[in-house]
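Enquirer: Okay, here's the structure, questions in a sec.
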Amino acid sequence: MTRQVRHLISISDLTDRDCRYILDQAVRFADRRADSRPMLDGLVAGIYFRKTSTRTRAAFSVGALRLGARIVTFGPDDLQTNTRETIDDTARVLSGMLDIFVARTTGSTEELRAFSAPGEMRVINAMSAVEHPTQALADLTTMLRRFGRLDGLRVLYVGEGNSTAAALALALTRFSGVELELRTPAGYGLAEDVRTLAAKQAALSGSLLSERHDMTGGGEGFDVIYTTRWQTTGTSKPDHDWRELFAPFRVSSELWRASPQAIFMHDLPAHRGQEVTADVLDGPASIAFDQAQNKLYSAMAVLTWCSLPQPAEMTPAAYTATEAAQ
Ligand code: CP
């Protein structure tokens, strides 16, 4: 049987059904963590990280191993791309040897699309300069496990409109009644194309997306308050005084006055005292380390989605986790 080769380079690559399937599978892996059959037995996954990573690299490496795949790892100095072999040639060679390629790059998603061009090797974006799609899937898995639903959640995102924020906006605006409010420093907001696409999705799904560049006033009763590190991995800021711009966007317990029930999420790594105060990150509202653990389950879900028969071929049992949660 010829199967479509599925890649995850952007959240916008996923249909709503794909997205739901991955989240359902992630919840299933989380709930039955001792019951992971070797579904990927016989496959080989290349794990290529050109930038530092603790969670994403461990999640995909351990996830692939738990599912029965074997892994080959490549560090930032390993591939001949460093000696100017082209991505196209590299992809052509690797696609004849690897079944899956999990890559963290410093470049655009176009570079990852070039890796996917030969078509045989599934390519997974483990964070590029513009988007961190597997983080968003871990984040939504975390919210789904916590609240039993995504529809109608009210989420306040505070900080840079970085690759995590982009993926979060593209993922959350698919769900009905979601309200996503971003508070980003001026000049460090969501990329225009991401905001446009997310706003289009929001109009279709009945969700709301808003962005402001200050921390004054604003909503109350958020379910989730989310931030990320001010210095996003693999990026630098052009202006010297960026810390002054970011200082008002530090998440502290003051935000809980208006949203006393909110949980706190952070994609980690964190810098206590910069983007978040220690009492929030280490306090009772924080589920940041559960969120990190969910990266393993969502990575396993992405790996199976890429590698196994299409969701349409799966039995309805694949959807029971979310139905049960709802
Ligand atoms: N959140 C995240 O992507 O963590 P790592 O950089 O450690 O993979």
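Enquirer: Quick check on segment 48-82: of everything there that is aromatic (Phe, Trp, Tyr) and within 13 Å of the ligand (Cβ to nearest atom), which residue is nearest to residue 111 (Cα to Cα)?
Expert: The qualifying residue nearest to residue 111 (Cα to Cα) is 49.
Enquirer: Can I ask one more? Within segment 259-281, restricting attention to residues that are part of a loop (DSSP other than H, G, I, E, B) and within 16 Å of the ligand (Cβ to nearest atom), which residue is farthest from residue 146 (Cα to Cα)?
Expert: 274
Enquirer: Look at residue 131 and say whether it is in contact with a Leu (Cβ under 9 Å, 6 or more places away or on another chain) and closer than 30 Å to residue 205 by Cα. Outline the logic, then answer.
Expert: On the way: in contact with a Leu (Cβ under 9 Å, 6 or more places away or on another chain): yes; closer than 30 Å to residue 205 by Cα: yes.
Yes; evaluated as a whole, the condition is true for this residue.
Enquirer: Just to be sure, is residue 281 within 20 Å of residue 161 (Cβ to Cβ) and of a type in the set (A, V, I, L, M, F, W, C)?
Expert: Criteria not met by residue 281.
Enquirer: Tell me, yes or no, whether segment 224-239 has at least one residue that is away from the ligand (no atom under 16 Å from the Cβ) and aromatic (Phe, Trp, Tyr).
Expert: Scanning segment 224-239, I find no residue that is away from the ligand (no atom under 16 Å from the Cβ) and aromatic (Phe, Trp, Tyr), so the answer is no.
Enquirer: Any residue at all in segment 189-202 that's touching a Ser or Thr at 6+ places or on another chain (Cβ under 8 Å) and either over 26 Å from residue 294 (Cβ atoms) or not assigned by TED's automatic domain parsing to the domain that holds residue 252 (or both)?
Expert: Our first condition is that a residue be touching a Ser or Thr at 6+ places or on another chain (Cβ under 8 Å); within segment 189-202, this holds for 190, 197-199, 201-202.
Now restrict to residues that are either over 26 Å from residue 294 (Cβ atoms) or not assigned by TED's automatic domain parsing to the domain that holds residue 252 (or both): 199.
Yes, there is a match, as at least one residue in segment 189-202 is touching a Ser or Thr at 6+ places or on another chain (Cβ under 8 Å) and either over 26 Å from residue 294 (Cβ atoms) or not assigned by TED's automatic domain parsing to the domain that holds residue 252 (or both).
Enquirer: How many of the residues making up segment 83-116 are at pLDDT 95 or above and either surrounded by fewer than 17 Cβ atoms within 10 Å (Cβ to Cβ) or more than 16 Å from the ligand (Cβ to nearest atom) (or both)?
Expert: Of all residues in segment 83-116, those at pLDDT 95 or above come to 83-104, 112-116.
In the following step, the residues that additionally are either surrounded by fewer than 17 Cβ atoms within 10 Å (Cβ to Cβ) or more than 16 Å from the ligand (Cβ to nearest atom) (or both) were identified as 83-101, 113-116.
Selection size over segment 83-116: 23.
The values are calculated or read from the model by the stated rules, or taken from the named source; none is laboratory data. Nothing here was measured: the structure is a model prediction, and the numbers come from that model. Glycine gets a Cβ as well: all are built from the backbone with ideal geometry, and neighbour counts include every protein chain shown.
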